[in-house]
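Asks: Can you read through this structure? Questions will come right after.
Values in this text are rule-based calculations from the coordinates and carry no lab data. This one's a predicted model, so the numbers in the text were calculated from it and none came from an experiment. Cβ atoms come from the backbone with ideal geometry, glycine included; neighbour counts cover every protein chain shown.
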Amino acid sequence: MMDFLLQYFPEQAGLLSAEVDAIYIFMLAVSLFFTVLVVALSVIFSIQYRKRNEKMPEAIHGNLVLELTWTGIPLLLTLFMFAWGTAVYIKQVRIPENAKEIFVVGKQWMWKIQHGEGPREMNELHVPINQPIKLTMTSEDVIHSFYIPAMRMKQDTVPGRYSFMWFQATKPGKYHIFCAEYCGTKHSGMIGSLYAMEPADYQKWLDERIKNPLEPVANQPASSSSVESPVVHGEKLFTELKCITCHSQTSGAMGPDLAGLFGRDVKLEDGRTVPADETYLRHSIINPADGIVQGYSALMPTYKGQVSEEQLLSLVAYIKSLQSKKN
Amino acid sequence: MESKKNYLTNGHTVGSWLLTIDHKRIGILYLLSVTAFFMLGGFFALLLRLELLTPRGDLFTSDIYNRIFTMHGVAMVFFFMIPAIPAAIGNFVLPIMVGAKDLAFPRINLLSWYLYIIGAALAFVSIVMGGVDTGWTFYTPYSSTYSTSAVTSAALGVFIAGFSSILTGLNFIVTVHKMRAPGMTWFRLPLFVWAHYATSLIMILGTPVIAVTVLLVFLERAFGFGFFDPRLGGDPVLFQHLFWFYSHPAVYIMILPSMGVISELVAAFTKKRPFGYEFIAGSSLAIALLGFFVWGHHMFVSSQSMYAGIVFSIITFLVGVPSAVKIFNWLATFYKGSITFETPMIYVLGFFGLFMVGGLTGLFLAIMAIDVHVHDTYFVVAHFHYIMVGGTVMGYLGGLHYWWPKMSGKMYNEALGRIAAIGIFLGFNLTFFPQFIAGYLGMPRRYHIYAEEFQIFNILSTGGAMVLGLSFIIPIFNMLWSLKFGKDAPANPWNAKGLEWTIPSPPTTHNFETTPIVTEEAYAYAPHDKGGH
Amino acid sequence: MSTANTKKFEPLQHHFANLNQQYECASLGMWLFLVTEILFFGGIFLAYTIYREMYPDAFAAGSHHLSILLGCINTAVLISSSFTMVMAVHTARLGKKHATTWFLLLTLILGCVFLGIKAVEYTEKFTHHLVPNNTFHFEGFDGPGIRIFYSIYFALTGLHALHMVIGAVILVIIMIQNMQGRFSAEYNSPIDMFGLYWHFVDIVWIFLFPLLYLLGRHA
Amino acid sequence: MSAHSHDSQHHGGIGIYVIILTALLVLTAVTVWAAFIDFGRFNTVIALAIAFFKATLVMLFFMHLKGSSGLLKLFVLSAFAFLAVLIGMTLNDYATRHWGSQLEKDSWITRSPHHYADAPASSANAAQHH
């Protein structure tokens, strides 16, 4: 029975796929039971109480006990469904610390992916199995949604901020990647494939891709053609764009010291305290005026339009890495 | 009695129809316009299904396909589902049911129809100008900055049609509160009126928010105001909050009137007072009010915070319970009834099966763990079609057949009616059940080109769509046929209780000769049950 | 009632039992319409709330640029027009036709004064490139929030001004009808209903003024 | 006057309207004055409180809500209530978004699920990059 059912399920290739399928099967059972109950009762009553003579039936106003039972039972059932569903949802949303970070940028009708070690991919994602993978995603234009049916996971990529998603492949193979949020003409063409590989194979693929990278992606600026990790690329940009002049970690520098900034709460000039997550870092690069740190004047110019999403990802990755260099 | 002029024969000039303030004529005007839009939306649906026969996009280009599914959505949601039962059947029947000569504001009722027509004209202009390709949800930033299609005129069309819905809701609430016949206490009102009262509350409290949202999108698109555009600092997720604050209660605007119709049909064809009348009436109000607290379940994966998602998820489960209560109460009414199976009753049985599947799959989607997997896939498409077509359209057609003798004075063809009902039920299941399976397998919605492994389900679905399309044509012929060849309808063809069955069919312009005095309780079928509480 | 040319105006419509039922229906209908208006403006107040949380500095800077003097005068003008409107309703109920006409005229004048001041503010914004289309330019603050502040400012005050213009047009019609003697002590619900609408438009401005003009003044 | 049964009682005449007019003008002055004093986060609260008070004054007296049926009051309250639902639940989303960024920190809801512990310590090369 189970394998009959499983052919109508996408590949259970993710750590949580089985748990999601378990809830789904439970819900199928509950729905089947109630649908059969209602349909059977309506058929039985229709046959049993079909009109036989002109006598009008007795009026039955209602029965409070019955009402309470068929309000109570569905209520308890739904609360149980809620509890189980939320428990699995928290696992789906909570990203383990030891996850390997991969950057994903959705652009109208393609997925641009970059690994922590540097190699870039277009519409393809190679990952090792049995290791949590954290996707830091954003979009360059409209809302897309990175969807891997085999992992039972999807997350919208919203332009203007970072959104996160994690999965852990358990079975090697090639799986679909779809764009699930309507994004324009070739929304149905914005697809790709996920290659889950044994860690050894993955490492071989990675080294090979670092040695001779694919030719640079068409519209990438020349400076990023060499395959360097976002952190290294970010550091280069940090000096190129002269961020170092103000954020020079020397005392009396015009800009706040960025080492160890990521993850800390930052007190702003206007009294708010904001957690310094990736979205805050990206926002401060593009719209510095909105988040001036307390004690500093609004000198920083905006870099909007001068940096692409990939460069922003590299800068954010570099700033985050400053933390590890310091402690 | 026949010689007296009834509302149909009271004036034949075009002006007497286009400038009428008689709620019955306005109901007929609405009936014609919503049927036209139902056929337009249905035509787009058939084009979609034909295209999806094959994984490759070989009938249309992607761009045209996107415009077709958007226009299918806009035509069906804004111009058929929302006005269908309240404006076409409700306008006609509700004043008579409460014992009034007309709605509280007849002229505003006519204004409501003209606003609907202006909104429809603007939507038509956008179709002529190449259609809209944003989906009926108009998600920004695509709809406000990236789409090059005629979004502006479609947005204005939806904006104006929204006010038509507001005015209908306003009219119903005032009529139910202030225009009831003497003796018609709240608990003697037919359940149809309760359902429309709850629906009107949603129309009043929800529709203005979609009006202002569409206005903000218009301002952003036309003048560059920066509300939802991330490049100007706006947040697209705020649009989703504003949009779904209305659009989820809007699905209750679509289903509650149908539930009202089902309550009437169940009572009339089992010749019994509905079991738990107060609970059915109460659950209509509960659905209407709770419906405003659940919109976030459309946004579980839209980078909405986890905690907000949990709150929306639990309340979505709570709003599911009243629907279950209604189904069980209708079933209990069957018990010890005297059931006959004219066409409306076939639609009721069809409604039970389809609405059960629709409602329960709604619980699937309320579970966040499953919704993360099936959001924006064909599982969702199948779910809301089971509720909209399985729930609302079955209720609409059931109600149309039930009150047709009263509206037109003619009896429709019983056999043809039953064939259509069964055809719709079978065709519908064949169309949408395979989509549940394709959805869970991961087939995303709004896809012009899809992966090969989903093809078998799409072929079945297209086959079903042909059967469904044909079955929907039959009732239209049945009604037109009845106008010419149907037997003259008596005042009470179903031997049912209700003020609308105490007046001749078709009724006179002023409905009642003398204002009726209501003495017995609602649905007083049982012989000795004279004293109503 | 000396209505020379128009056929005798019959206040009670055919489908109502008596004038009182007609008045209660009109009153409930008008209040329901105001409920929809509250939620209509509510949508933009939500956008205001969210973006003010996101860009507090930008909203403060934008608000500084608005002239408090004109805002205060406008608030006082609108509150007084509310007063004259309620006086008009009061005198209409007593059947004093001329007093009602005067108060309606006063309300109209105050309404036009309000719109005049609004026009002054808008032209000042147009000349200083503060209209949030692509010609938008604002010195002193270069974040995106400032452009959103002005988008919300123009959306809110624009919609409010539109409601004022519609109100003024209806006010003129009612004034003419009043002078024609259509209203009496028994039948004056149109004036009453218009009064409700006018007071609602005043209430919207009562919320608009502090939220837009008085931001961050204490900094 | 019988036509409008509901407001025959508070036919208090012009006096009440003048009082309300002056109250509204004074409250406007108070709002402006309060805006220039730094109450920190409370500035907004005060401004809104005064605005709501002025609005209720207008509704109760100028719009004759005071003497009218409970039904009208119920509808007005429900309008503000559903507006509060719209703003409140949307703020609930925006306010708790930043909680997500503390997911890594160990709090009772985000304690690292035990079964990840046995996932193979991420392979050597991935570790050195963090």
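Asks: Between the stretch B:315-374 and the stretch C:75-114, how far is it from one alpha carbon centroid to the other, in angstrom?
Replies: About 55 Å separates the Cα centre of the stretch B:315-374 from the one of the stretch C:75-114.
Asks: Check B:Arg445: other-chain or 5+ apart residues with amide H under 5 Å from its amide H, H built from backbone geometry?
Replies: Placed amide hydrogens put B:Thr377, B:Tyr378 under 5 Å from B:Arg445.
Asks: Here's something else I'd like to know. Kindly identify the stretch A:1-53 as rounded, prolate or oblate by the Cα gyration tensor criterion: order the square roots of the eigenvalues as a ≥ b ≥ c, call it rounded if a/c is under 1.5, otherwise compare a/b with b/c, prolate if a/b is larger, else oblate.
Replies: Numbers: a/c = 6.61, a/b = 3.87, b/c = 1.71.
Prolate.
Asks: Excluding the sites themselves, what is the longest stretch of chain B that contains no GluC sites (Glu not before Pro) in a DSSP loop with at most 15 other C-beta atoms within 10 Å?
Replies: Values: sites that count: B:Glu2, B:Glu513, B:Glu520.
Counting only loop sites that pass the neighbour cut-off, the longest clear stretch is B:3-512.
Asks: Also, I was wondering about something else. Taking the stretch A:50-134, which GluC sites (Glu not before Pro) meet the DSSP loop condition and have no more than 16 other C-beta atoms within 10 Å? Provide the component values of the computation, followed by the final result.
Replies: Details: sites: A:Glu54, A:Glu58, A:Glu67, A:Glu97, A:Glu101, A:Glu117, A:Glu121, A:Glu124; in loops: A:Glu54, A:Glu58, A:Glu97, A:Glu117.
Listed in order of number, the matching sites are A:Glu54, A:Glu58, A:Glu97.
Asks: With the calculation restricted to Cα positions, what are the radius of gyration and Dmax of chain A in angstrom?
Replies: Every Cα atom of chain A included, Rg and Dmax give 27.1, 99 Å.
Asks: Using θ = phi - 60° and the Karplus curve 6.51 cos²θ - 1.76 cosθ + 1.60, what whole-Hz ³J(HN,Hα) does each residue of the stretch D:73-85 get, with Gly and Pro shown as x?
Replies: 4, 4, 5, 5, 4, 5, 4, 5, 5, 6, 5, 5, 4
Asks: Let me ask you something else. Which of C:Asp142, B:Asp229, A:Asp21 comes first, and how do the rest follow, when ranked by fewest Cβ neighbours within 10 Å?
Replies: Numbers: C:Asp142 16, B:Asp229 26, A:Asp21 19.
The fewest-first ordering by Cβ neighbours comes to C:Asp142, A:Asp21, B:Asp229.
Asks: Okay, next question. Return one quarter of the surface area of the convex hull spanned by the alpha-carbon atoms of the stretch C:1-109, equal to its mean projected area, in nm².
Replies: Numbers: hull surface 43.3 nm².
The Cα convex hull of the stretch C:1-109, projected and averaged over all directions, gives 10.8 nm².
Asks: How much length is gained if the chain between A:Leu299 and A:Gln7 is pulled fully straight, taking 0.36 nm per residue apart and subtracting their Cα-Cα distance, in nm to one decimal? Provide the component values of the computation, followed by the final result.
Replies: Working: separation 292, 0.36 × 292 = 105.12 nm, distance 6.07 nm.
Once the chain is fully extended between A:Leu299 and A:Gln7, it gains 99.1 nm.
Asks: Further question: Sort D:Phe61, B:Phe218 so that the residue with the fewest other Cβ atoms within 10 Å of its own Cβ comes first and the one with the most comes last.
Replies: Details: D:Phe61 22, B:Phe218 18.
Going from least to most buried by this count: B:Phe218, D:Phe61.
Asks: Binning at 10 angstrom from zero up to the longest distance, how are the C-alpha pair distances of the protein assembly as shown distributed in percent?
Replies: Result returned by the calculation: 2, 9, 17, 21, 20, 16, 10, 5, 2, 0, 0.
Asks: Can you list the HN-Hα couplings for the stretch A:279-294, worked out from phi with the Karplus curve (6.51, -1.76, 1.60; θ = phi - 60°), rounded to whole Hz and with x for Gly and Pro?
Replies: For the stretch A:279-294, the Karplus curve yields 5, 5, 4, 4, 5, 5, 6, 8, 10, x, 5, 7, x, 5, 6, 4 Hz.
Asks: Now for a different question. Roughly speaking, what is the stretch gain from C:His98 to C:Leu12, that is 0.36 nm per residue apart minus the C-alpha to C-alpha distance, in nm to one decimal? Intermediate results must be reported in sequence, preceding the final value.
Replies: Numbers: separation 86, 0.36 × 86 = 30.96 nm, distance 2.34 nm.
Length difference between fully extended and current span is 28.6 nm.
Asks: Could you give the semi-axes, largest first, of the ellipsoid that matches chain C, computed as the square roots of 5 times the alpha carbon gyration tensor eigenvalues and rounded to whole Å? Intermediate results must be reported in sequence, preceding the final value.
Replies: Numbers: eigenvalues 329, 63, 37 Å².
Computed over chain C, the values are 41, 18, 14 Å.
Asks: Please work out the C-alpha center-to-center distance from the stretch B:8-81 to the stretch B:175-222 and express it in whole Å.
Replies: Between the Cα centre of the stretch B:8-81 and that of the stretch B:175-222, the gap is 23 Å.
Asks: From the phi angles alone, apply the Karplus equation (6.51, -1.76, 1.60; θ = phi - 60°) to the stretch C:14-27 and give each ³J(HN,Hα) in whole Hz, x where the residue is Gly or Pro.
Replies: For the stretch C:14-27, the Karplus curve yields 4, 8, 9, 6, 8, 4, 5, 4, 5, 5, 5, 4, 4, 5 Hz.
Asks: Could you give me the percent of Cα pairs per 10 Å distance bin for chain B, shortest bin first, beginning at zero and ending with the bin that holds the maximum distance?
Replies: Calculated P(r), rounded to whole percents: 4, 18, 30, 28, 14, 5, 1, 0.
Asks: Taking amide H positions as placed in the peptide plane 1.01 Å from N, state which residues far from A:Lys171 in sequence (5 or more) or on other chains have amide H under 5 Å from it.
Replies: Residues meeting the amide H criterion: none.
Asks: Follow-up. Between the stretch C:123-189 and the stretch B:390-460, what is the separation of their alpha carbon centroids in Å?
Replies: 47 Å
Asks: Amide H neighbours of B:Ile339 under 5 Å, counting only residues 5+ apart in sequence or on other chains, H built in-plane at 1.01 Å?
Replies: Result for B:Ile339 returns A:Arg50, A:Lys51.
Asks: Please find the FRET efficiency linking A:Asn212 to B:Ala222, where r is the Cβ-Cβ separation and R0 is fixed at 51 Å, and quote it to the nearest 0.05. Before the final figure, lay out the partial values.
Replies: On the way: r = 51 Å, r/R0 = 1.00.
Here the calculated transfer efficiency is 0.50.
Asks: Can you put C:Met175, B:Met368, B:Met39 in order, fewest other beta carbons within 10 Å first? Can you show the working numbers first?
Replies: Values: C:Met175 20, B:Met368 26, B:Met39 16.
Result, fewest neighbours first: B:Met39, C:Met175, B:Met368.
Asks: Further question: Among B:135-141, C:69-75, how do they line up by average Cβ neighbours within 10 Å per residue, starting with the highest? Mind showing how you got there, number by number?
Replies: Working: B:135-141: 22.4, C:69-75: 18.0.
Output ranking for B:135-141, C:69-75: B:135-141, C:69-75.
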